[in-house]
Amino acid sequence: MAFFLLGWHGGLVGYTGWHLQTASFADILSGSVSPVIMHDDGTLEPCGAFITPTPLENSDSIALKVNHRTVSDRNGFLELVDHQATWESFIPVQTTLLPILKDLTTRSWHEADKWVGKAHCTEHHLHLGDRHWSIGTLNAEKSGETVTLWNTDAPDRVTYKLCPSRALSSLLETLNERLQAGEIRSSVTTPWADSGTLRETLANASFAPHRTDYLLHLSRQCALFEIWDLATGFLACARQQDSNPDFIYFAAILALRAQQHDSAAQLLAEALTTRFPDSNILEKTATLRARLAQGENTLLLLPQTLEEAKVPMFDRLFDLLMVPLPLSDQDGKDIQQAYSMRFEDMSGQHDMTHRLKLLTAEAHYNGVSYWEEVNMGHVAWLAGLRKEADAHYASARKLAIESHIHPIHYNCGVFSWLSEADCAALSSRSVPDRLGVSQWEWQFSPEDDATVLPSEVCLVFGCDKGYFRFIPKLILSLIRASRANPTTGFIQLCIGVDQPTMEQLTFLTKTAEWLVANNSRVRLNFAHGTLAYRDGATYTAIRYLMLPEITARFSCPLITADCDGYFPSDFVSLWQDMKASADYGFRLYAYNREGKQVMGEPWGFGAGISYFGEADRIPAIAHFLNDYLNTAYNPQNPTNWCVDQCALAAAFKRFVAPKWDELRIKFMDEGTPLMVMPHHVGGKDALLAHEGSFSMVDVVSELARYTPEPPLTPPS
């Protein structure tokens, strides 16, 4: 038997010409360096004439002696030393191990699901990952792309898999060839495909094929180009490196997209049982999986199904492959509804270029639909094409009603959106009071107050008897703020309540009387009655439906806001600063500084708080808002949610936007808030408790302790 000699630092003793040196396994195996061989009889070939192998006591190692001196590779070169350190020895290595050692030290490897990289030899041991083996007793077997290692004196075997595998190498090579040949191009049905991203992902996977995340992204990128064979292959390689059940779910998505629905159902069952082994999840998803196997795209229903089962959804990395999706004739209404919601959500997340590509692909796959038309409307609207947008919204509304598809929450305004022509017609006709607020009873503060102090601002709120729980705190905070800074004219607080209780009416009446009797600069005006249609949409519209009555009585700036808020102690100074610096104020989160809407939908217009500062124009705006709501609200609509935002956005478009460059417009979400709202403090319940909770009784009790204000005098 023949042996090579391995030094302490991992090099084999070899030579080129007659230059003795240490060399790597690869150098010896390639023949670029010839090995020094030790035979069974202990002789060396060549150099046996002057170097003698000498076994060391109690060790597998040998010393290489030349007379009384020792050969050492102390500095990376072979040299003679007078005094041998314990490590300055060599260990015999079976020549048959060399090919395996070369592979282990030049290629990367996986141990089960764990990447361990390349092996290296030091201190007469082979190190790979967290393990090491003594070279002197090392045994190794190679089978295909695996190597199994063990020591004679420690027989536990560990098997390693080559990385990249031949299959992965072949896939990478195939993808490279197709890219070079120009075979991979985006098409009308691949809106998310990007060749630059594909090339970069290929580079990353080539640099680090052990990175499972790179293989996943490469699979995803290939799928976005509809290269299903490579997408499936790369995902299979990722699954060999990691047993994460999310990857099985990704495989189900690829199978569905490849029209292999039965395989998709089987993979989904495998993913579910792997992720949730101790649950009855297969029972809860049985119908979904059966429909999937029969050709329905029920993977669209999986998020809701798992939510109902109270288990987490799989990773969303491959979600882009579900939109756009060619729907099947077999797909039930629930699948169409789920797809519509996902399409609306996906469309809103992307820039205009990708949105147009998405819409083109969707029309190619599924033709005209509600979700396609509403998003075509958004594209046209953001491009400034109002007429085209209105036409798409009208089509979307019709298709939604006919197909019984419910919009995603922020697109509900499509049912209440009036075209530009319809808006223009409002001023030319008498609009009936469909919602019934004109029949409400009003209680205004005494008109003779106006001879003492002018009305400086109207604050307008509306609610039903349930949301009235926010009103006591709102009223008290305004009274406190006014007392803290009595430098204004009258602040006219106007509140409309649908079907208030007798206790609530009594509270409003007594508070209004107290404010007058105690010379407060706050005046409370309120209206009450019953809406003709009572729902969340009409409750939020009360503030606008009240405006014609209010503007007929008060000629001053006006603020409308949600009733679930309260005023900070420095409200008066904040108001005065805004009055001095702005003509209008809106929650313009979808607009840029040039007054152009850059995202969202027309009714994506925050109605939480709005300021109208041009007193002479407010009556016209008030009547427009009232007429819009009484025209657009339709009890036959599936929903009228967002009707208030539709009205406010349309009023902004008609009265404010054309004069953007002339007016001073405040972005109400910027700077110190004029009111404290739920989103400032963590929700509605948190708002009630924030800085103190106040009931009607608490307010009456506090007012009873107040001393009257000094007599009112006009501001100097």
(request) Starting from the exponent 0.38 and prefactor 2.2 Å, build the expected Rg for the stretch 1-95 from its residue count and divide its actual Cα Rg by it. (result) 0.98
(request) Kindly flag which residue pairs out of K465/K579; K473/K579; K333/K387; K473/K666; K387/K653; K333/K357 have an alpha-carbon separation exceeding 21 Å in this structure. (result) K465/K579; K473/K579; K333/K387; K473/K666; K333/K357
(request) May I ask you to list the GluC sites (Glu not before Pro) in the stretch 3-88 that are in a DSSP loop and have at most 14 other Cβ atoms within 10 Å of their Cβ? (result) E57
(request) Sticking with the crude label model, points 7 Å out along Cα→Cβ, report the distance from N204 to D433 in nm, one decimal please. (result) 6.3
(request) Considering Cα pairs under 8 angstrom that are at least six residues apart, work out the relative contact order of the stretch 74-222 and quote it in whole percent. (result) 14
(request) Filter the trypsin sites (Lys or Arg not before Pro) in the stretch 151-203 to those in DSSP coil with at most 11 other Cβ atoms within 10 Å of their Cβ, and list the result. (result) R185
(message) Using Cα-Cα distances under 8 Å and only pairs 6 or more residues apart, what relative contact order does the chain have, in percent?
(response) 8
(message) Suppose the chain between E45 and D229 were pulled fully straight at 0.36 nm per residue; how much longer would it get relative to their current alpha carbon spacing?
(response) 60.9 nm
(message) I need the semi-axes of the equivalent ellipsoid of the stretch 183-324: take the C-alpha gyration tensor, multiply each eigenvalue by 5, square-root it, list largest first in whole angstrom.
(response) 27, 17, 12
(message) So, R0 is 25 Å and r is the distance between the beta-carbons of H19 and H83; what FRET efficiency does that work out to, to 0.05?
(response) 0.50
(request) Might you report the magnitude of the Cβ-based charge dipole of the stretch 336-405 about its Cα centre, with Lys and Arg at +1 and Asp and Glu at -1, to the nearest 20 debye? (result) 100
(request) Would you please classify the overall shape of the stretch 437-701 from the alpha carbon gyration tensor, given that a ≥ b ≥ c denote the square roots of the eigenvalues, rounded means a/c under 1.5, and beyond that prolate means a/b larger than b/c while oblate covers the rest? (result) rounded
(message) Can you give me the C-alpha center-to-center distance between the stretch 352-430 and the stretch 150-208, rounded to a whole angstrom?
(response) 43
(message) Using only DSSP helix segments of four residues or longer, with each worth -39500 (n - 2.57), what per-residue ellipticity at 222 nm results for the chain after dividing by its residue count and rounding to 500?
(response) -12000 deg cm²/dmol
(request) Evaluate the distance, in nm, between pseudo-label points positioned 7 Å from the Cα of T197 and of Y365 along their respective Cα→Cβ axes. (result) 1.5
(request) Run through every distinct alpha carbon pair of the stretch 575-647 and return the Kirkwood hydrodynamic radius in angstroms, one decimal place. (result) 14.1
(request) Would you mind computing, in nm to one decimal, how far apart the modelled labels at I401 and V700 are, each placed 7 Å from Cα along Cα→Cβ? (result) 4.8
(message) Step by step: find N for the stretch 575-716, compute 2.2 N^0.38 Å, then divide the Cα radius of gyration by it. What's the final number?
(response) 1.31
(request) Quick one: work out the % antiparallel among DSSP beta bridges in the chain, nearest 5. (result) 75
(message) Angle check, please: helix 386-403 long axis (alpha carbons) against the longest principal axis of the chain (alpha carbons), in degrees 0 to 90, nearest 10.
(response) 80
(message) Quick check on the stretch 600-641: take the gyration tensor over C-alpha atoms, sort the square-rooted eigenvalues as a ≥ b ≥ c, and tell me if it's rounded (a/c under 1.5), prolate or oblate.
(response) oblate
(message) Helix 370-382 against the longest principal axis of the chain: what's the angle in degrees, Cα atoms only, rounded to the nearest 10?
(response) 80
(request) Quick one: plug the Kirkwood hydrodynamic radius of the stretch 336-405 (C-alpha pairs) into Stokes-Einstein at 25 °C, 0.890 mPa s, and report D in µm²/s. (result) 205
(request) Compute the projected area of the convex hull of the Cα atoms of the stretch 385-456, averaged over all viewing directions, and report it in nm² to one decimal place. (result) 9.2
(message) Can you report the principal axis dimensions of the stretch 649-716 using only the alpha carbons, biggest first, rounded to whole angstrom?
(response) 50, 41, 22
(message) With +1 assigned to the C-beta of every Lys and Arg and -1 to the C-beta of every Asp and Glu, and no other charges, what is the dipole magnitude of the chain about the Cα centre in debye, to the nearest 20?
(response) 1100
(request) Within the stretch 499-579, report the trypsin sites (Lys or Arg not before Pro) that DSSP leaves as loop and that have at most 13 other Cβ atoms within 10 Å. (result) none
(request) Provide, as a two-decimal number, the C-alpha radius of gyration of the stretch 257-351 over 2.2 N^0.38 Å, N being how many residues it has. (result) 1.07
(request) Under 25 Å Cα to Cα from K161, which lysines show up? Leave out anything in the same chain fewer than 8 places away. (result) K102, K114, K118, K142
(message) If you average the C-alpha positions of the stretch 565-618 and of the stretch 108-149 separately, how far apart do those two centres end up, in angstrom?
(response) 68
(message) Would the stretch 98-163 count as rounded, prolate or oblate if I go by the C-alpha gyration tensor, calling it rounded below 1.5 in a/c and otherwise prolate when a/b exceeds b/c, oblate otherwise?
(response) rounded
(request) Using Cα centres only, tell me the gap between the stretch 624-684 and the stretch 443-497 in whole Å. (result) 21
(request) Distance from a point 7 Å along Cα→Cβ of N518 to each backbone N in the stretch 467-487: keep the residues under 19 Å and list them by number. (result) 471-487
(message) For the stretch 175-249, take every pair of Cα atoms, bin their distances at 10 Å starting from 0, and report each bin as a whole percent.
(response) 20, 54, 24, 2
(request) Compute the acute angle (0 to 90°) between the alpha-carbon long axis of helix 261-275 and the principal axis of greatest extent of the alpha-carbon atoms of the chain; round to the nearest 10°. (result) 80
(request) Could you calculate the FRET efficiency of L282 with K333 from 1/(1 + (r/R0)^6), where r is the beta carbon distance between them and R0 is 35 Å, rounded to 0.05? (result) 0.90
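Values quoted throughout were computed directly from the atomic coordinates according to the rules given, and no laboratory measurement underlies them. None of these values were measured; they are calculated from a predicted model. Note that each Cβ is placed from the backbone with ideal geometry, even for glycine, and that neighbours are counted across all protein chains shown.
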